[in-house]
Amino acid sequence: MDTNSIGAVATEFFTFAEDEPFCLESGEMLRPVTLAYETYGALNADRSNAILICHALSGSAHAAGYLDGDPDKVGWWEETIGPGKAFDTDRFFVICSNVVGSCYGSTGPASIDPATREPYGLHFPVVTVGDMVRAQAKLIDHLGIDKLLCVAGGSMGGMQVLEWAAHHPQRLHAAMPIATTAHHSPMLIAFSEVGRQAIYADPAWHHGDYYDQPRKPDAGLAVARMVGHITYLSEESMHLKFGRRLQGLEKYGYEFETEFEIESYLKYNGLKFTQRFDANSYLYVTKAMDYFDLTQPTGSLAAAFATSTEVRFLVISFTSDWLYPSYHSKQLVSALTAAGVDVTYLDVKSSWGHDAFLLEVETMTNLLGSFLDRLVREERVPAPAGYAPRARFTPGANVALPRTKLADNLA
């Protein structure tokens with residue numbers, strides 16, 4: 001067990017829009033809306049040390065510590081959030097919430113529609129990254145925080161970070177978009193659609209009305225996850241981890257059973273995903289990612305950040321990430337520079353592919369920790385009561401090997 005862990009944590013719930021509905025970008029309304037969230041650390045006297053962490057596609061509010069005290073239920077960014085870590089919970093008040101449309105306690109398609117007292121299914125309105133962020137802003141208001149010190153996240157979490165910076169710049173001092181993009185390319189939309197089509201093709205999907213059925217669209221969701229998970233890896237990491245090795249065999253069986261280790265790995269990962277995620281939520285969240293496009297409505301990415309000149313950026317990409325290649329981040333940095341924004345950019349050399357934002361723990365600890373040190377100095381952020389500085393926790397470069405098990409579940 002990690003001695004620098006926060007330890008036991010519990011998920012909390014915030015409900016809003018009970019009287020006035022929450023208006024979505026589509027024009028549809030939701031009422032009420034619940035967000036599942038967790039907090040770590042303590043607010044300082046002037047409530048200026050709050051950091052919001054945004055999760056990726058299949059993530060949850062459980063970003064750090066051991067949920068309900070169970071060491072097997074470790075947070076998805078455990079090595080990065082905690083006492084003495086990059087997001088130092090001795091020093092900062094860290095918040096993570098599950099997005100609207102997901103299935104880890106926040107309102108989504110598996111939630112009960114108050115009008116019918118049945119699960120929403122496909123009657124749940126389509127949500128956007130903008131809707132997710134505006135819901136998070138309601139939570140930040142509820143917690144009594146006027147301005148966040150920083151918003152940080154990788155992958156879809158990075159999209160939320162960019163949405164915060166572009167459309168709510170007065171609510172944050174700094175933004176850390178990691179391994180992300182300002183809009184999906186046609187290739188990324190294509191991968192999303194293949195996953196959705198796999199779910200549609202499952203006979204157990206029943207057009208989204210499967211919650212009271214004995215069978216769920218697990219086969220389609222597993223294939224969607226398998227396709228998605230391939231994009232989180234890199235060719236080099238797949239060679240290192242699997243090569244062309246056979247799974248429990250000495251030679252080819254000349255049949256259509258699972259034979260290669262990589263086949264076994266993907267099948268296991270797909271099956272495991274069905275035990276923790278909802279197929280309809282997969283449809284909604286991937287659609288939100290496909291709709292996200294900060295170049296609209298002006299056609300200019302720089303124009304999106306015209307009012308963000310007071311926000312400081314740390315942009316991080318990874319050399320082997322082919323889901324969101326480095327050029328996506330470089331385009332973002334060029335747009336931020338053109339808008340006159342203070343931006344630091346690092347393209348980290350890594351063989352881990354898109355998963356690097358979860359696996360390059362030592363590098364990420366140094367980069368994020370140094371940037372936050374700068375913010376604390378420049379913004380003169382006082383420490384919370386009882387704060388005692390400690391040496392920064394660095395788990396060591398070899399931490400990536402056991403972390404692969406966790407990363408399998410989280411991107």
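The values are calculated or read from the model by the stated rules, or taken from the named source; none is laboratory data. What you see is a predicted model; the values in this text were computed from it and never measured. No Cβ is skipped: glycine too gets one built from the backbone with ideal geometry, and neighbour counts run over all protein chains shown. The protein model used for the area step is the full one, side chains on, heavy atoms only, and it has no ligands, DNA or RNA in it. Shrake-Rupley method; radii C 1.70, N 1.55, O 1.52, S 1.80 Å.
Which residue out of P109, P119, P114 is of a type outside the set (D, E, K, R), in contact with a Phe, Trp or Tyr (Cβ under 6 Å, 6 or more places away or on another chain) and open to solvent by 20 Å² or more (accessible area, probe 1.4 Å)? Can you show your working first?
Details: P109 fails: open to solvent by 20 Å² or more (accessible area, probe 1.4 Å); P114 fails: in contact with a Phe, Trp or Tyr (Cβ under 6 Å, 6 or more places away or on another chain).
Going through P109, P119, P114 in turn, just one is of a type outside the set (D, E, K, R), in contact with a Phe, Trp or Tyr (Cβ under 6 Å, 6 or more places away or on another chain) and open to solvent by 20 Å² or more (accessible area, probe 1.4 Å): P119.
Note down all Cβ pairs under 6 Å where the first residue falls in the range 38-51 and is closer than 10 Å to P382 by Cα, the second is assigned to a loop (DSSP other than H, G, I, E, B) and not β-branched (V, I, T), and they're at least six residues apart or on different chains.
Cβ pairs passing all conditions: N44/P382; N44/P384; N49/F92.
Can you find, within the range 122-139, the residue that is most open to solvent (accessible area, probe 1.4 Å) among those that are assigned to a loop (DSSP other than H, G, I, E, B) and among the hydrophobic types (A, V, I, L, M, F, W, C)? Outline the logic, then answer.
Taking the range 122-139 as the starting set, the residues that turn out to be assigned to a loop (DSSP other than H, G, I, E, B) are 124-128.
Those left that are additionally among the hydrophobic types (A, V, I, L, M, F, W, C): 124, 126-127.
Working: F124: 5, V126: 62, V127: 1 Å².
That would be V126.
I'd like to verify a number: residues in the range 65-115 that are closer than 18 Å to M156 by Cβ and in a loop (DSSP other than H, G, I, E, B), how many?
16
Considering every residue within the range 75-86, establish whether at least one is touching a residue at least 24 places away in the same chain (Cβ under 8 Å), more than 17 Å from the chain's Cα centre (by Cα) and farther than 25 Å from E360 by Cβ.
Within the range 75-86, not a single residue is touching a residue at least 24 places away in the same chain (Cβ under 8 Å), more than 17 Å from the chain's Cα centre (by Cα) and farther than 25 Å from E360 by Cβ.
Residues in the range 339-357 that are in a helix (DSSP H, G or I) and either closer than 15 Å to V315 by Cα or among the charged types (D, E, K, R) (or both): how many?
Here is the first cut: in the range 339-357, the ones in a helix (DSSP H, G or I) are 353-357.
If we keep only those that are either closer than 15 Å to V315 by Cα or among the charged types (D, E, K, R) (or both) as well, we get 354-357.
Within the range 339-357, residues that are in a helix (DSSP H, G or I) and either closer than 15 Å to V315 by Cα or among the charged types (D, E, K, R) (or both) number 4.
If you go through the range 55-64 one residue at a time, do you hit one that is open to solvent by less than 10 Å² (accessible area, probe 1.4 Å), at pLDDT 95 or above and not in a loop (DSSP other than H, G, I, E, B)?
Looking through the range 55-64, none of the residues is open to solvent by less than 10 Å² (accessible area, probe 1.4 Å), at pLDDT 95 or above and not in a loop (DSSP other than H, G, I, E, B).
For the range 180-269, which fully contained helices (runs of 4 or more DSSP H) count at least 3 residues that are at pLDDT 95 or above, in contact with a Ser or Thr (Cβ under 8 Å, 6 or more places away or on another chain) and open to solvent by less than 80 Å² (accessible area, probe 1.4 Å)?
Per the criteria, 186-200, 218-232.
Looking at the structure I just gave you, is S97 surrounded by fewer than 24 Cβ atoms within 10 Å (Cβ to Cβ) and of a type in the set (S, T, Y)?
Judged against the criteria, S97 is not a match.
Here is a yes/no grid of residues against (1) modelled with pLDDT under 80; (2) farther than 22 Å from P83 by Cα; (3) open to solvent by 50 Å² or more (accessible area, probe 1.4 Å):
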site: V341; (1), (2), (3): no, yes, no
site: F357; (1), (2), (3): no, no, no
site: E362; (1), (2), (3): no, no, yes
site: N366; (1), (2), (3): no, no, yes
site: L372; (1), (2), (3): no, no, no
site: R380; (1), (2), (3): no, no, yes
site: A385; (1), (2), (3): no, no, yes
site: T394; (1), (2), (3): yes, no, yes
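With respect to the numbered conditions (1) surrounded by 21 or more Cβ atoms within 10 Å (Cβ to Cβ); (2) in contact (Cβ under 8 Å) with a residue 60 or more places away in the chain, which one is the sole condition not fulfilled by G7?
So the condition that G7 fails would be (1).
Assess whether V315 counts as being of a type in the set (A, V, I, L, M) and open to solvent by less than 30 Å² (accessible area, probe 1.4 Å).
Answer is yes for this residue.
Residues of the range 270-292 being farther than 16 Å from L233 by Cβ, in a helix (DSSP H, G or I) and of a type in the set (F, W, Y), which ones?
Selection gives Y282, Y284, Y291.
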